[in-house]
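Quick notes on the structure that follows.
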Amino acid sequence: MNSKKITCLIGVFCLVFTSVFAQKTENKRPNIFFFFADDWGQYASVYESFSPNSTFTTPAFDKFAKEGVRFNNAHVNSPSCTPCRSALFSGQHFYRTGSATNLMSEWNIDIPTYPLLLEEAGYHIGFTYKAWGPGKPLDAAYGGAEKAYMSAGQSFNKFSQNVTKMVQEGKIIEEAKEILYKEGLDNFRSFMAEKKDGQPFCYWFGPTNTHRKWTKGSGKEIWGLNPDNLKGKMPEFLPDVHEVREDMNDYMGEVLALDEMLKRLLIELDAIGERENTLIVVSGDHGIPGFPRAKCNLYPLGTNVSLFVQWPEVVSGGRVVDDFVSLIDLAPTFLEVAGEPVLECMTGNSILPLLKNKKNGIIDTKRDHVITGRERHVPDAREGYLPYPQRAIQTKDFLYIKNFAPDREPMGFPYTSGKEPSIEELTENTFIVYGDFDASPTKAWMFKHRNENQWEMHWRLGFEKRPEEELYDLRKDPDYLENVADDPEYAQTKKKLSKRLMTTLKSTKDPRVTGDGKTFDRAPFISPRNF
């Protein structure tokens, strides 16, 4: 059953709403616990189709997914922090959120967000670590800094760095880890301590340790992961060399920290008797940073994310859902389960019908695609602060991408002349060249080997200009290497997908399509130099 929607008027909300949960008394309304990790895509061993996941085991994620509902085709609306979160909080496509369409921009407080709507409805709300941002006013979409619960600290966000530091100071690795896990638990406990008796809560746990930068070699040193176990298991667009494998291996170590933290939080929910009546959602805001065709790109490695859900009192577990869902669907879901109205402006659709269904595989045949997009990532990655405007539609079999400004550099300013940046600069300073591609050992290695014939394909796919249209046949080309947009065999497929994409963009009033095409070129921004 889909939620009834009401018109979205700024500051004016309907007070009367008939809900399937209306019979629940105030103190029986479900809690909402959202574990949302920064820069964490579909990296958990339960997702076996991504071959690098076979090199490590995430027991907490896997157990949670297997006992709950696992979504195989969950995507962010935009693979960049601020627009992804603006879409998630508002339940709208990112391009409908004004300046928040772009990274490092301010949140428009006139746009309703699900946490504040739930607070008005009597929920105790709060977050730990990163909710909104980067941007100012910080975390306004979640009610401002006063909703932050971080009295125990924020050291978990630099997990490998802080473990390494504590080991250098004389602690053993496991002891150092425990200190950071305790911090996360204590922050959650401080949130719960302010909840009134019988009051439902809406909590966001947003660790950022899977965001750059993590400690080189930490995957092996802290977690015992062997980077060369990734040999032969990397996507074809990634150079299968030790340096790149080690970089991904270190990232997977950070994922293991997330995994253990989730385990501790679930134990805590059990201990305080809140597990059964809590909708628990686990996900992340886009793919891996500092790798080509991942974060800040509309390819699956950039937009496809983990999504696991449990709600013991209501949702049957042990299920796998193949329907396409977007994270903009979560805001209307949270409102619906709380018995609150879903606003007409929300372009997302509640996934509660999928959760309450007891089937596996495809449940709603209308959920056969997802729309994604991008405008500005790093504000000054291109001359004139220009974005790289893209929109895409992905189905089970195809990915179609529309690049509205193919004359622009997709990853930002290229290197042209002058002193070539060093390995250290490319590893540490994102903005020195190709600013929409996070600084990393992978970026440094690829830049230094960019002129070698062996790596020509990898460099071209990751950094060079792209045509106006891209089309990939994911049945034959799962690593989306061959653009078949100009292949006559795919002409009808391209036409159909393009029409479907543009129809959605027009019906949802995307300014890139319905305006003069320059709306986001002129959008306000906050420079990282001043942030």
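In this structure, does Trp459 turn out to be out of contact with any Leu (no Cβ under 6 Å at 6 or more places or on another chain), surrounded by 13 or more Cβ atoms within 10 Å (Cβ to Cβ), in contact (Cβ under 8 Å) with a residue 40 or more places away in the chain and in a helix (DSSP H, G or I)? No, not satisfied.
Identify the residue in region 252-283 that is closer than 21 Å to Lys177 by Cα and acidic (Asp, Glu) and, among all such residues, is surrounded by the most Cβ atoms within 10 Å (Cβ to Cβ). Only one residue tops the list, namely Glu254. Would region 248-267 turn up any residue that is among the polar types (S, T, N, Q) and touching a Phe, Trp or Tyr at 6+ places or on another chain (Cβ under 6 Å)? Looking through region 248-267, none of the residues is among the polar types (S, T, N, Q) and touching a Phe, Trp or Tyr at 6+ places or on another chain (Cβ under 6 Å). Contact map, region 93-118: residues that are closer than 25 Å to Ala381 by Cβ and touching a residue at least 24 places away in the same chain (Cβ under 8 Å) paired with residues that are crowded, with 21+ Cβ neighbours inside 10 Å and basic (Lys, Arg), Cβ distance under 7 Å, separation 6+ or inter-chain. Pairs shown: Tyr95/Arg512; Asn102/Arg376; Leu103/Arg376.
Check Gly232, Gly253 and return the single one that is touching a Ser or Thr at 6+ places or on another chain (Cβ under 8 Å) and either without any contact (Cβ under 8 Å) to a residue 40 or more places away in the chain or not β-branched (Val, Ile, Thr) (or both). Give the steps one after another, and end with the answer.
Numbers: Gly232 fails: touching a Ser or Thr at 6+ places or on another chain (Cβ under 8 Å).
None of the other options fit; the residue is Gly253.
Of all residue pairs spaced 6 or more apart or on separate chains, those with beta-carbon atoms under 9 Å, a first member in region 463-489 that is more than 20 Å from Leu238 (Cα to Cα) and among the small types (Gly, Ala, Ser) and a second member that is at pLDDT 95 or above and buried (at least 16 other Cβ atoms within 10 Å of the Cβ) are Ala485/Tyr400; Ala485/Ile401; Ala485/Glu469; Ala485/Glu470; Ala485/Leu471; Ala485/Tyr472; Ala485/Lys494.
Among the residues in region 263-274, are any over 25 Å from Gly373 (Cα atoms), among the hydrophobic types (A, V, I, L, M, F, W, C) and free of Cβ contacts under 8 Å to residues at least 60 places away in the same chain?
yes
Check region 230-251 and report whether any residue there is surrounded by 23 or more Cβ atoms within 10 Å (Cβ to Cβ), closer than 24 Å to Lys66 by Cβ and either at pLDDT 95 or above or over 18 Å from the mean Cα position of the chain (by Cα) (or both). Yes; the residues of region 230-251 include at least one that is surrounded by 23 or more Cβ atoms within 10 Å (Cβ to Cβ), closer than 24 Å to Lys66 by Cβ and either at pLDDT 95 or above or over 18 Å from the mean Cα position of the chain (by Cα) (or both). Only one entry in Phe413, Phe431 is surrounded by fewer than 23 Cβ atoms within 10 Å (Cβ to Cβ), of a type in the set (Phe, Trp, Tyr) and outside any loop (DSSP other than H, G, I, E, B), namely Phe431.
Any idea which of (1) surrounded by fewer than 19 Cβ atoms within 10 Å (Cβ to Cβ); (2) aliphatic (A, V, I, L, M); (3) not in a helix (DSSP H, G or I) is the one Ala439 doesn't satisfy? Of (1) surrounded by fewer than 19 Cβ atoms within 10 Å (Cβ to Cβ); (2) aliphatic (A, V, I, L, M); (3) not in a helix (DSSP H, G or I), only one is false for Ala439: (1).
Restricting attention to region 144-167, the residues being part of a loop (DSSP other than H, G, I, E, B) and at pLDDT below 95 number 1. Scanning region 344-381 for residues that are within 22 Å of Arg96 (Cα to Cα), aliphatic (A, V, I, L, M) and touching a Gly at 6+ places or on another chain (Cβ under 7 Å) yields Met346, Val378. Which condition number does Gly170 fail, the rest of (1) crowded, with 21+ Cβ neighbours inside 10 Å; (2) at positive phi; (3) modelled with pLDDT of 95 or more being met? The single condition Gly170 does not satisfy is (1). Residues satisfying the criterion are present in region 462-471 (criterion: within 22 Å of Gly302 (Cβ to Cβ), loosely packed, with under 15 Cβ neighbours inside 10 Å and more than 25 Å from the chain's Cα centre (by Cα)). Region 54-143 holds helices (runs of 4 or more DSSP H) entirely within its bounds, and those carrying 2 or more residues that are modelled with pLDDT of 90 or more and more than 18 Å from the chain's Cα centre (by Cα) map to 59-67, 114-120.
Just name the residue that is surrounded by the most Cβ atoms within 10 Å (Cβ to Cβ) out of those in region 75-107 that are at negative phi and out of contact with any helix residue (DSSP H, G or I) (no Cβ under 8 Å at 6 or more places or on another chain).
We begin by selecting, within region 75-107, every residue at negative phi; these are 75-90, 92-97, 99-103, 105-107.
Narrowing further to those that are out of contact with any helix residue (DSSP H, G or I) (no Cβ under 8 Å at 6 or more places or on another chain): 80-81, 99.
Details: Ser80: 28, Cys81: 26, Ser99: 19.
Once the filter is applied, the top-ranked residue is Ser80.
What number goes with the only condition from (1) within 26 Å of the chain's Cα centre (by Cα); (2) surrounded by 15 or more Cβ atoms within 10 Å (Cβ to Cβ); (3) within 30 Å of Glu243 (Cα to Cα) that Phe520 does not pass? Going through the list (1) within 26 Å of the chain's Cα centre (by Cα); (2) surrounded by 15 or more Cβ atoms within 10 Å (Cβ to Cβ); (3) within 30 Å of Glu243 (Cα to Cα), Phe520 breaks only (3).
The values are calculated or read from the model by the stated rules, or taken from the named source; none is laboratory data. Owing to the predicted nature of the structure, the values given are computational and were not obtained by experimental measurement. Cβ coordinates were reconstructed from backbone atoms using ideal geometry, including for glycine residues, and neighbour counts include every protein chain displayed.
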